[in-house]
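These notes are about the structure you will find just below.
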Amino acid sequence: MSVTRLKRKNRKDKSKSSVRRQSLKIQNFKPVIKNVDVEAIKEE
């Protein structure tokens, strides 16, 4: 029995894993916390 790679299945698996990786990155993303100077805003 010879082993052949199913190209369509391989593409599907790769795309599925890349989508999953991307969604995990988005879930773990923390926005950059900017220091807001409240006193300067109050003076204006």
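Read-outs throughout are calculated quantities, based only on the coordinates presented, and are distinct from any laboratory measurement. On a predicted model such as this, the values are computed, not experimentally measured, just so you know. Cβ sites come from the backbone with ideal geometry, for glycine too, and all protein chains shown count toward neighbours.
Length gained on full extension, D13 to K42: 5.0 nm, using 0.36 nm per residue less the C-alpha separation. Taking the Cα atoms of the chain, the ratio Rg/Rh between the radius of gyration and the Kirkwood radius comes to 1.57. With each label modelled as a point 7 angstrom along the Cα→C-beta vector, the L6-S23 pair spans 2.2 nm. Against the main long axis of the alpha-carbon atoms of the chain, helix 7-28 sits at an angle near 20°. Would you look at the GNM of the chain, springs on alpha carbons closer than 10 Å, and say which of K25, K14, K34 moves the most? Top of the fluctuation ranking is K34.
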